[in-house]
Amino acid sequence: MFSNRKKSTGMTSSFDSFFGEDIVIEGNVEAKGNLRLDGCIKGDLTSTSSLVVGEKGRVEGNISGTRVEVYGSVEGNINAKEGLFIEASGKVTGDVEVMSISVVEGGEFNGNCRMVRGNVERIQRKEEIIGL
């Protein structure tokens, strides 16, 4: 759950969308691919894939994505279907619902965490349907 990794080994390397440091968005953003944010979003951020909040990135709203990596700051709730990674420079203030969470030494998490096990639940339902 907690680790003292110095650098994320799984940082998404290619992005379909990128918002630079000079971007400030007021409103919700929806992305269909990998997204990296180094600017500021005041609103909800949703992606069908991975989201990275860079060191200078800031989100004031909720985040929903498959995989979420936080190097900057997030003030809002996070729903990460696969995993949430809070790096040494990252700060999350809000509740999270995740399949897994990793907080690197120096990273901050202030809120409640609800762990979900999506694959196990689907397998159990399938067994119920076929009568196992």
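Among the residues making up segment 98-108, those that are buried (at least 17 other Cβ atoms within 10 Å of the Cβ) and outside any loop (DSSP other than H, G, I, E, B) are VAL98, ILE101, SER102, VAL103, VAL104. Mind checking whether some residue in segment 58-65 is surrounded by 18 or more Cβ atoms within 10 Å (Cβ to Cβ), touching a Cys at 6+ places or on another chain (Cβ under 7 Å) and either modelled with pLDDT of 95 or more or on the phi < 0 side of the Ramachandran plot (or both)? Within segment 58-65 (the criterion being surrounded by 18 or more Cβ atoms within 10 Å (Cβ to Cβ), touching a Cys at 6+ places or on another chain (Cβ under 7 Å) and either modelled with pLDDT of 95 or more or on the phi < 0 side of the Ramachandran plot (or both)), the answer is yes, since at least one residue qualifies. Would you be able to tell me the number of residues in segment 69-86 that are more than 11 Å from SER102 (Cα to Cα) and either in a strand (DSSP E or B) or acidic (Asp, Glu) (or both)? The total comes to 8.
The values are calculated or read from the model by the stated rules, or taken from the named source; none is laboratory data. Remember, it's a predicted structure, so these values are computed and weren't measured experimentally. As a convention, Cβ positions derive from the backbone with ideal geometry for all residues, glycine included, and neighbour counts pool all protein chains shown.
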